[in-house]
Amino acid sequence: MGSVTDPHARTAARAMLQPLREHDARHGTSLLPTLAAWLRLDGNHEATARELGVHRHTIRARLRTAEHVGGYRLDGFAARAELWAALRLAQPPS
């Protein structure tokens, strides 16, 4: 994924994540970092909670909020894969 340089793909990825960025900025939340960690840790709530230094129920609450704010459904592989790809594509090229 790091080799994808299509500016349209990057723009689409950033747009997909924008609601979470805006919510985090407006409300001082950590929805986007929580989602990124949770996806990187294979959807493991306990591991994500340990990494972020919060309770696993906090992770669940943040993910529910992310679903609501972003209009995502995190209970299926396709949505998770799409969000993981968006997170990767939205990163500046290295």
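Please name which of Ala25, Ala9, Val69 has its Cα lying farthest along the dipole of the chain towards the positive end, using unit charges on Cβ (Lys, Arg +1; Asp, Glu -1) and the Cα centre as origin. So the residue furthest toward the plus end is Ala25. Backbone phi angles across the stretch 85-91, fed through the Karplus curve with coefficients 6.51, -1.76 and 1.60 (θ = phi - 60°), yield HN-Hα couplings of 4, 4, 4, 5, 5, 6, 6 Hz in residue order; Gly and Pro are listed as x. Relative contact order of the stretch 7-90, taken over Cα pairs closer than 8 Å and 6 or more residues apart, is 41 percent.
Could you tell me how many degrees, from 0 to 90 and to the nearest 10, lie between the Cα long axis of helix 56-70 and the main elongation axis, the longest principal axis, of the Cα atoms of the chain? Compared with the principal axis, the helix lies near 40 degrees. The equivalent ellipsoid that matches the C-alpha gyration tensor of the chain spans semi-axes of 22, 15, 12 angstrom, in descending order. Rounded to whole numbers, the Karplus 3J(HN,Hα) couplings from phi for the stretch 24-41 are 4, 5, 6, 10, x, 8, 10, 5, 5, x, 5, 4, 4, 5, 4, 5, 5, 9 Hz, using 6.51 cos²θ - 1.76 cosθ + 1.60 with θ = phi - 60°, and x at Gly and Pro.
Throughout, read-outs are computed from the coordinates displayed, never taken from laboratory work. A quick note: this is a predicted structure, and the numbers were derived from the prediction, not measured. As a convention, Cβ positions derive from the backbone with ideal geometry for all residues, glycine included, and neighbour counts pool all protein chains shown.
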